[in-house]
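Shown next, in structure tokens, is the structure this report addresses.
The values are calculated or read from the model by the stated rules, or taken from the named source; none is laboratory data. In this text the structure is predicted, and so the values were computed from the model without any measurement. Counting neighbours? That spans all protein chains shown, and the Cβs are built from the backbone with ideal geometry, glycine included. Accessible surface is based on the protein model in full, side chains and every heavy atom, while ligands, DNA and RNA are left aside. Shrake-Rupley method; radii C 1.70, N 1.55, O 1.52, S 1.80 Å.
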Amino acid sequence: MDDRKENNPLFYLTKNIRNRKLSIQERLFRLVTSIGLLSLIVFLFLGIAIGESPQDLLAIIICLIIFLLTTFIAIRFHKIQAGAIINSLEFIFILNPAIFFLSGGMNGGAPMCYVFCAIYVCMAVRGRAKAILLILNTITIAVYYYVGYHNPTLIISHTRFEAYLDSLGSAIIVTAMICLLVLFQNHVYDKENITVKKQNREIDELNKAQNRFFSSMSHEIRTPINTIIGLNEMILREDISDEVAEDAKAIQGAGKMLLSVINDILDMSKIESGNMEITLASYDTGDMLSDLVNMIWNRAREKGLEFHVNVDSTIPKRLIGDEVRIKQILVNLLNNAVKYTREGSVTLSLQCTEIADKQVTLVYSVADTGIGIKKENISSLFDAFRRVDLQQNRQIEGTGLGLAIVKQLVALMDGEISVNSIYTRGSTFTVKIRQGVDENVEMVTLDIGKHKNLRNNEHYRQSFEAAGARLLVVDDNVTNLMVVKKLLRDTKITIDTAESADDCLRKSLEYRYDAIFMDHLMPKTDGIECLHLLRSQVGGLNNQTPVVVLTANSGSENQLLYEREGFDGYLLKPVGGRELEEMLIRVLPPSLVRISDMSPVIPDENLYRTNVHKRSLIISSESVCDLPAQYVKKYNIHVIPFHVCTEEGIFLDGIETDAEGILEYTRDDKRSAHSDPPSVEEYQEFFARELVHTQQVLHITLAKNTSRSYERALEAAKAFDNVTVVDSGHLSSGMGVIVLKACEMANLGYDKQKILDEIDHIKKELNSNFILKNAGPLVMADRFHKRTADICATLNLHPVIHVKNGRMKPSRFYVGNWEDSWKKYIRKNLKKNRRADKKLLFITYTELSENELLELRQMVQPYQFEEVIIQQASAAISVNSGPGCIGLMYWKKENS
């Protein structure tokens, strides 16, 4: 019986339809092909019953045989797509025409057969082949209808009874097929839905188990690390040999490194499982930055690095955000900066860019002069477990998770992070985060250098003494109790310990404490429950005593939990003597505390600067923009010099040579010179310097079709996230006028995109042209055809070059001596062109005498421009245009 089933073609097709190991396409192929085979068999018997023509029956038999063979081969050799396509072609080119012409045309089963074929193609075929076959099916049936309409004799007609019976049978078959397909799809959907829900539950359970494991692991590891670091600190406080001190310092560093690795893994686990939450609370901006700076500047000092802090004094004093996560972001970036910088400096800058509707956008930037990042590595910089440039950084410790965590945290806060770096020169990371404003008063000065950090060969001295104070430390771990007692031994505080919540509550009935340090996770009654029992204890002496949670549970969500539950402070294990002393100074009654006369290590006076406001956008350009010095100074335009290349050497345009000097040099026909834009490396250094003073750089270059400056600047900008290079489409002062417009817009507060849109518009409205005495220099610079220049020289023609869409084209020629020609050029250009906007006229020249300059001013005076700027061209422009060149730039009226 089983053998007979195996040999049955339909059983062979349908036995794996519900097998989820097969692809959906193969399962659908098996289903629709099975239905197709059944349909052909039914069609065959139906045809015999109603007396169809032998030709029609033969066509069905042939299709049935080919269908079976194709299907068997497709399944056997796993060529499902090919089998589906061949079967579809059988329907389209054999079965459809046979049924149409041999079985009554439109009055038979042909319409339903067309629908059947379309459904088969949709269900069994994938990709572009599906669309092609559907189009073929539609075209062929249309052709059959057309032929049948015009040549009805080609169709073998049915009797009325046969037509009805054929149509009814076809309708039943196609309806059954559609129903089966819908039922199958519903079955597949239900099964997949159940599977997905089951997998989601398993994933949720796995995530919960993973989080419990990592949280437990973090807690359990912090406890022994607390002992290691605490007791190690006690060793460092003693009068020990240099060798022992060095070993102890190594133990301390290793313990902190292990703790950092655990924190990174835990945070990455939370982020990947979607359980990392941003906890909003009010925080003091100055206190947060003070903690941050006090943490970092000593590390920088130990490496011999300068550490600078630039803070915008308009930042509100109190903000609403996740202080813990913001601090984590900045600590990661600053630690990296110190870690990867061998010499030079690290700079933390904080700027407030906008305050509106109780919201503020803060821009943090961390800049260093370290080893930098290769351009090709920047794209993978924020990938988890990725260390870039391993050869260079193989001696530097770390998990490779720090920057990945930073990026994820910034994204959770709906912020942005960008990086600019030049390999071997340094990097700048910029973070933008929006925060709520809780108290909009200016931030107070940072409290920097409060305490002296413990270092090798420096004798420890407690920060205060409180002989009359009494402290209770509650922890179920005896070693932790010992560590706290030892770390606070020199403060002369009376310290009691309790190993459980019950022990704590008993002692609170006997003694009045000035402060209590409480662990959270304890057996039977935990720290939170114990706190509530303390506060409500009848006859208790410590209902109002400050209680500080001393726990291994990290994270802003836990910190907020403890704050909500009523704890007066939060200390995270492992904890050092400095943190314990600082907390006690805060919670103990001031009358009991006597601050020691410490000699703190104060940072250099240049460390901290306020009122340092980074501009949000700088407009920069090139020395060939030919703007007068007063405008460059007025708008603080930063320009990068072109190179002027001579036989004697290469000189910086405007710095080491000027127009007069280079023109005098080239009067000797034996001497040649040309200009060249800065190299990619020089552009990179220029942009890096600019980004120290701004968040974004918008750099405007010469027309890209006339110089390689755009190409090189664009290549250099790829190393930065916030440098935009713009093609001015013009030369010399034409570019300079566009730079001025961009500066005006930037000063009015336009954002970068709006300025770019305006530049794209206004550069089309700028009329820019110049007249040449001799086209020879342009020929040498590959800007003019030599044959045209030779004709001009022979006929004493002076070409007028018009700059449009970044290209230079001769627009007309003046005949005669040079002086008459340029004067005609000025008069005709201004008199004839009524489209000139009278606000500004810019005239650039390479060489004119004082008298000629005076005459030029008098010539343009009647045209009543509001402002006329006459500027000598730069050396780089002059060397390409020669001694005889005058250019006019003015705006066209927009409504003309």
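Annotations for the structure displayed:
- Segments classed as strands (runs of 3 or more DSSP E), wholly inside the range 251-322, with at least 3 members that are of a type in the set (A, V, I, L, M, F, W, C) and modelled with pLDDT of 75 or more: 306-311
- Scanning the range 656-681 for residues that are in contact (Cβ under 8 Å) with a residue 24 or more places away in the chain, in a loop (DSSP other than H, G, I, E, B) and within 20 Å of residue 627 (Cβ to Cβ) yields 658, 677, 678.
- Filtered residues of the range 409-424 (kept if surrounded by fewer than 16 Cβ atoms within 10 Å (Cβ to Cβ), touching a residue at least 12 places away in the same chain (Cβ under 8 Å) and among the aliphatic types (A, V, I, L, M)): 412
- Qualifying residue in the range 844-854 (condition: in a helix (DSSP H, G or I) and touching a strand residue (DSSP E or B) at 6+ places or on another chain (Cβ under 9 Å)): yes
- Residue within the range 110-122 that is closer than 24 Å to residue 166 by Cβ, hydroxyl-bearing (Ser, Thr, Tyr) and without any contact (Cβ under 8 Å) to a residue 60 or more places away in the chain present: yes
- Summed over the range 691-723, residues that are assigned to a helix (DSSP H, G or I), in contact (Cβ under 8 Å) with a residue 60 or more places away in the chain and more than 23 Å from residue 734 (Cβ to Cβ) total 1.
- Checking each residue in the range 846-869 for being touching a Leu at 6+ places or on another chain (Cβ under 8 Å) and open to solvent by less than 30 Å² (accessible area, probe 1.4 Å) picks out 846, 848, 856, 860, 865, 869.
- Scanning the range 256-289 for residues that are more than 16 Å from residue 333 (Cα to Cα), touching an Asp or Glu at 6+ places or on another chain (Cβ under 6 Å) and open to solvent by less than 40 Å² (accessible area, probe 1.4 Å) gives 279, 283.
- Just one of (1) modelled with pLDDT of 80 or more; (2) part of a loop (DSSP other than H, G, I, E, B) fails for residue 782. It is (1).
This table checks each residue for (1) β-branched (Val, Ile, Thr); (2) open to solvent by 10 Å² or more (accessible area, probe 1.4 Å); (3) modelled with pLDDT of 85 or more.
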{"residue": "86", "(1), (2), (3)": "yes, yes, yes"}
{"residue": "97", "(1), (2), (3)": "no, yes, yes"}
{"residue": "110", "(1), (2), (3)": "no, no, no"}
{"residue": "118", "(1), (2), (3)": "no, yes, yes"}
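- In this structure, residue 831 does not qualify as open to solvent by 70 Å² or more (accessible area, probe 1.4 Å) and either part of a strand (DSSP E or B) or modelled with pLDDT of 85 or more (or both).
- Helices (runs of 4 or more DSSP H) fully within the range 479-570 counting 2 or more residues that are closer than 30 Å to residue 269 by Cα and not small (Gly, Ala, Ser): 527-536, 556-565
Each row is one residue, and each column tells you yes or no for (1) closer than 22 Å to residue 125 by Cβ; (2) acidic (Asp, Glu); (3) modelled with pLDDT under 75.
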site: 20; (1), (2), (3): yes, no, yes
site: 27; (1), (2), (3): yes, no, yes
site: 39; (1), (2), (3): yes, no, yes
site: 45; (1), (2), (3): no, no, no
site: 67; (1), (2), (3): yes, no, no
site: 74; (1), (2), (3): yes, no, no
site: 80; (1), (2), (3): yes, no, no
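- Taking the conditions (1) modelled with pLDDT under 90; (2) surrounded by 15 or more Cβ atoms within 10 Å (Cβ to Cβ) in turn, residue 587 satisfies each one other than (1).
- Boolean, residue 560 is hydrophobic (A, V, I, L, M, F, W, C) and at pLDDT below 90: yes
- Only one entry in 132, 48 is without any contact (Cβ under 8 Å) to a residue 12 or more places away in the chain, open to solvent by 70 Å² or more (accessible area, probe 1.4 Å), in a helix (DSSP H, G or I) and farther than 19 Å from residue 171 by Cα, namely 132.
- Under the condition of being open to solvent by 20 Å² or more (accessible area, probe 1.4 Å) and among the hydroxyl-bearing types (Ser, Thr, Tyr), the residues counted in the range 673-712 number 3.
- Of the residues making up the range 293-332, those that are among the small types (Gly, Ala, Ser) and either over 25 Å from the mean Cα position of the chain (by Cα) or open to solvent by 10 Å² or more (accessible area, probe 1.4 Å) (or both) are 300, 304, 313.
- Residue 157 touching a Pro at 6+ places or on another chain (Cβ under 9 Å), of a type in the set (Gly, Ala, Ser), touching a residue at least 40 places away in the same chain (Cβ under 8 Å) and surrounded by fewer than 22 Cβ atoms within 10 Å (Cβ to Cβ): no
- Restricting 826, 877, 886 to residues that are assigned to a strand (DSSP E or B), among the hydrophobic types (A, V, I, L, M, F, W, C) and at pLDDT 80 or above narrows the list to 886.
- Residues that are in contact with a Leu (Cβ under 7 Å, 6 or more places away or on another chain) and of a type outside the set (Lys, Arg) within the range 742-765 comprise 742, 746, 755, listed in sequence order.
- In the range 550-582, the residues that are aliphatic (A, V, I, L, M) and over 39 Å from the mean Cα position of the chain (by Cα): 580
- Set side by side, the residues 347, 285 differ, and just one is in contact (Cβ under 8 Å) with a residue 40 or more places away in the chain, closer than 21 Å to residue 433 by Cβ and touching a Pro at 6+ places or on another chain (Cβ under 8 Å), which is 285.
- The residues of the range 522-540 that are open to solvent by 50 Å² or more (accessible area, probe 1.4 Å) and in contact with an Asp or Glu (Cβ under 8 Å, 6 or more places away or on another chain), listed by number, are 523, 524, 532.
- Residues in the range 553-574 that are within 20 Å of residue 258 (Cβ to Cβ) and in contact with a Ser or Thr (Cβ under 6 Å, 6 or more places away or on another chain): 572 only.
- Residue check, residue 670 at pLDDT 85 or above, farther than 29 Å from residue 370 by Cβ, of a type in the set (Lys, Arg) and open to solvent by 70 Å² or more (accessible area, probe 1.4 Å): no
- In the range 451-486, residue nearest to residue 512 (Cα to Cα) [restricted to those that are modelled with pLDDT under 85 and open to solvent by 70 Å² or more (accessible area, probe 1.4 Å)]: 461
- Contact map, the range 804-819: first residue closer than 20 Å to residue 786 by Cβ, second residue open to solvent by 70 Å² or more (accessible area, probe 1.4 Å) and modelled with pLDDT of 75 or more, Cβ cut-off under 7 Å, separation 6 or more or different chains; pairs are 807/705.
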